[in-house]
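Single-structure report; data block below.
The values are calculated or read from the model by the stated rules, or taken from the named source; none is laboratory data. Small disclaimer: the values here were computed from a predicted structure and weren't measured. Note: ideal-geometry Cβ built from the backbone for every residue, glycine included; neighbour counts use all protein chains shown.
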Amino acid sequence: MDTNAASVPARSSKLLVEHARKSFRQDSGAEISAIADLSFSVKSGEYVAIVGPTGAGKSVLLDCLLGLKFLDAGQIRVDGLPVENFVREKKGHITRIFQEDRLLPWLSATDNAAFGLQIQGVSQADRRKQAVRWLDAVGLSAFKDALPRELSGGMRQRVNIARAFAPNPELVLLDEAFSALDDVTASRLRQDFKALAQSQQTTFLIVTHSIDEAIFLANRILVFGAPARLMAEIAVPPLAWEDRVASDRIKDEVRSLIVAGARPG
Ligand SMILES: Nc1ncnc2c1ncn2[C@@H]1O[C@H](COP(=O)(O)OP(=O)(O)OP(=O)(O)O)[C@@H](O)[C@H]1O
Ligand SMILES: [Mg+2]
């Protein structure tokens, strides 16, 4: 276990976050820090979970990783490039699966799954072909023409998974992707998501409040305090989710770190 939160990450990382800071000015005029001197790195092919108290800046960080928000200080690099350059040069190679369903209600499952391919300049015929292949891969062959409102929450999240993988992404970001689903559906989707990520050799970063989910999906858990800073990195041994003693030990440690890292009040 490495609890040396100040360690400087290697340059060869897939993703490098170095001394990141971000604050927001609230309506009251007060400034609130969302990310405070955060550094960590993710290697290619790694599966990393971020856990931390509510309001710890985890979702703000993911927006910064997608190039949707900008840091006040520090840097984010993907494949050695500043994230803004990576996003511009390698369009659609960072994708996301969020808790809220981001499907376009007027588009079929196929057109929704094909959505990320458009910005990559893929022809319409190839977009449809690839989207259908991915809908097959997530078990939705029979629902290619269905509109989002005709699908269950689990099926819609399957379309989101297809959409996230279709552009052949290098990095997939998940933010509470399975937490709005019942336990059985969530567990199936986690298994299917992990199998797809393994088959595609995709690196992923998952934000979750479920420590069980983090143990199942990740090789490494980053525990954040609030505002976002690295409190600890915990290695997840292979098959730890099947080992009650190992997973309970990780859960106890993560829980006590989250309590210690929460904002007062
Ligand atoms: N656009 C914004 N304007 C002002 N403050 C913001 C904005 N976005 C986020 N914040 C603040 O930044 C902090 C971090 O928010 P964020 O949503 O990233 O937390 P989180 O770790 O994702 O929490 P949760 O686990 O509840 O999803 C919060 O205090 C939030 O109020
Ligand atoms: Mg959040």
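Consider Leu107 carefully, then state whether it is within 16 Å of ligand 1 (Cβ to nearest atom) and assigned to a loop (DSSP other than H, G, I, E, B). Answer is no for this residue. Checked against (1) in a strand (DSSP E or B); (2) within 16 Å of ligand 1 (Cβ to nearest atom); (3) among the charged types (D, E, K, R), Asp27 passes all but condition (1). Looking across segment 66-80 at every residue that is closer than 19 Å to Thr202 by Cα, touching a strand residue (DSSP E or B) at 6+ places or on another chain (Cβ under 7 Å) and surrounded by fewer than 21 Cβ atoms within 10 Å (Cβ to Cβ), the one that is modelled with the lowest pLDDT is identified as Leu66. Checked against (1) over 22 Å from Glu46 (Cβ atoms); (2) part of a helix (DSSP H, G or I); (3) among the aliphatic types (A, V, I, L, M); (4) touching a residue at least 60 places away in the same chain (Cβ under 8 Å), Ala186 meets all criteria but (4). Using the structure shown, decide if Leu81 is within 22 Å of the chain's Cα centre (by Cα) and in contact (Cβ under 8 Å) with a residue 40 or more places away in the chain. Answer is no for this residue. Here Phe98 passes the criteria (1) within 16 Å of ligand 2 (Cβ to nearest atom); (2) under 24 Å from Gly45 (Cβ atoms); (3) in contact with a Lys or Arg (Cβ under 8 Å, 6 or more places away or on another chain) except the one numbered (3).
Scan segment 149-183 for residues that are of a type in the set (Phe, Trp, Tyr) and either surrounded by fewer than 23 Cβ atoms within 10 Å (Cβ to Cβ) or part of a helix (DSSP H, G or I) (or both) and jot them down. Answer for segment 149-183, where residues must be of a type in the set (Phe, Trp, Tyr) and either surrounded by fewer than 23 Cβ atoms within 10 Å (Cβ to Cβ) or part of a helix (DSSP H, G or I) (or both): just Phe165.
Answer yes or no as to whether Ile211 is at pLDDT 95 or above, farther than 30 Å from Val138 by Cα and not charged (D, E, K, R). It is false that Ile211 is at pLDDT 95 or above, farther than 30 Å from Val138 by Cα and not charged (D, E, K, R).
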